Amino acid sequence: MKILITGASGLVGHSIVECKAMQEHELLTPGHKELDLEDMNAVVEFLKKEKPDCIIHAAGKVGGIAANTKAPMEFLLANMDMGRNIIYGAYKAGIKKFINLGSSCMYPRNSEKPLTEDMVLKGELEPTNEGYALAKVMCARLCEYISREHPEFQYKTLIPCNLFGRWDKFRTERAHMIPAVIHKLHEAKEKGLDTVSIWGSGQARREFMYSGDLADCIAYCLDNFEAMPAYMNVGIGHDYTVDEYYQTIAAVIGYKGEFVHDLSKPEGMKRKLTDVNLLHEFGWQAKTSLTEGIRQAYEFYLATEQ
Ligand SMILES: NC(=O)c1ccc[n+]([C@@H]2O[C@H](COP(=O)([O-])OP(=O)(O)OC[C@H]3O[C@@H](n4cnc5c(N)ncnc54)[C@H](OP(=O)(O)O)[C@@H]3O)[C@@H](O)[C@H]2O)c1
């Protein structure tokens, strides 16, 4: 197939382009400068000219809590505009297959039980990234409506848990927890610091998947597109405490100091775990262990950030 991958320079997009199983396809990977997804006319022109068989929408304005809290308007508008333009533009251009990347922030906050696909819009969103989450919900619903009104258009949404990997952002305020901790512990080791401070109790639980596994899952989805559910979580199905992430990263980096907990700092939700029953029924499971994924990410960090 001829496949357009949006956001090919990002964490997810790069991982898809690198994935071995994707090499059997012809991949179109225009950069942001080449194709600004916030420009509807440019999107329509591009799709008319290139006529891809399928689109994987992995572009987005993505950031951590600080960036999202500071600029909810920008996160809402950019992601809504990009999504609307590429999804509706694909429909107008007659492209029948579409994989939209959602996010587990589309789910209600503070759920006691693992998040199942039917829980979208079933409760209050996490306020710190509400703008981003609303845009993600809108894009998923737009895909669903198009497929419902025109069943020959199969527009489906994958909902990944938190991701990390090669091509991550390690230093900026956009960095997510794992890359930020890799950078922090690497610096602590270099400077010979005896202690490193962790925000909160360290007992909050988080689910992170290696981005190479998400790419592998997307390749599997393309091979089994008809059977792929309209909404499907992609996760590892279990979570670790923040302390466990720090310990695993420290072991990979070789940081030997101690951790202290700063209880005056926020630690976010207690838990956010996706339910992966549908994913497993579909026939795919994540393969990369946390330690191996962190090793890959750290190698990338050393090669690119030093
Ligand atoms: N990272 C995670 O933990 C995670 C978890 C769940 C879901 N997801 C979803 O996965 C998708 C990709 O995330 P990511 O982590 O790969 O993000 P990322 O590393 O920040 O990459 C985002 C990509 O989108 C491109 N982009 C941004 N604005 C654009 C525009 N107006 N036109 C064209 N391209 C534009 C960026 O290009 P420039 O850098 O050149 O602007 C970049 O290539 C997003 O939909 C996100 O919600 C991510």
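Just so it is clear, none of the values below were taken in a lab; they were calculated from the coordinates. The shown structure was predicted, so the numbers you read here are calculated from the model rather than taken from an experiment. Glycine also receives a Cβ, built like all others from the backbone with ideal geometry; neighbour counts cover every protein chain displayed.
The order of the peptides 81-88, 245-252 by mean Cβ neighbours within 10 Å, most packed first, is 81-88, 245-252.
Across the range 182-306, Cα pairs under 8 Å and at least six residues apart give a relative contact order of 42 percent. Relative to the dominant Cα principal axis of the chain, helix 40-50 is inclined by about 70°. Residues whose amide H comes within less than 5 Å of that of V196, counting only those at least five positions distant or on another chain, are E258, F259, V260 (H built at 1.01 Å from N in the peptide plane). For K20, the lysines whose Cα comes closer than 19 Å to its Cα, not counting residues fewer than 8 places off in the same chain, are K2, K287. Taking 20 Å as the limit for the C-alpha separation, the pairs K136/K156; K70/K169; K48/K92; K49/K136 exceed it in the case of K49/K136.
For the range 274-286, backbone phi angles converted through the Karplus equation (6.51, -1.76, 1.60; θ = phi - 60°) give residue-by-residue couplings of 8, 8, 10, 4, 5, 4, 5, 4, 5, x, 10, 9, 5 Hz, Gly and Pro being listed as x. Ignoring aspartates and glutamates fewer than eight residues from K189 along the same chain, the ones with Cα atoms less than 19 angstrom from its Cα are D243, E244, E258, E299, E305. DSSP beta bridges fully contained in the range 145-284 are about 10 percent antiparallel. Each Lys and Arg adds +1 at its Cβ and each Asp and Glu adds -1 at its Cβ; summed about the Cα centre, the range 122-275 shows a dipole of about 320 debye. Can you say what percent of the DSSP beta bridges in the chain, counting only those with both residues inside, are antiparallel? Round to 5. Rounded to the nearest five, the antiparallel share is 5 percent.
With respect to the chain, whose longest principal axis is taken over its alpha-carbon atoms, helix 242-253 is tilted by about 80°.
Using only the alpha-carbon atoms, how far is helix 72-92 inclined from the longest principal axis of the chain? Give it as 0 to 90 degrees, nearest 10. That helix lies at roughly 30 degrees to the long axis. Each other residue within a Cβ distance under 12 Å of A297 adds +1 if Lys or Arg and -1 if Asp or Glu, for a net charge of -1. Normalised by the number of residues in the chain, the mean separation of alpha-carbon contacts (under 8 Å, six or more apart) gives a relative contact order of 20 percent. When each of the peptides 162-170, 193-201 is scored by how many other beta carbons lie within 10 Å of its residues on average, the order from highest to lowest is 162-170, 193-201. Ellipticity at 222 nm from helices only: DSSP H runs of n ≥ 4 in the chain, each -39500 (n - 2.57), divided by the residue count, give -13000 deg cm²/dmol. Cβ-to-Cβ counts within 10 Å put S289, S15 in ascending order as S289, S15, the fewest first. Measuring from centroid to centroid over Cα atoms, what is the spacing of the range 178-231 and the range 71-141 in Å? Here the answer is 20 Å between Cα centres.
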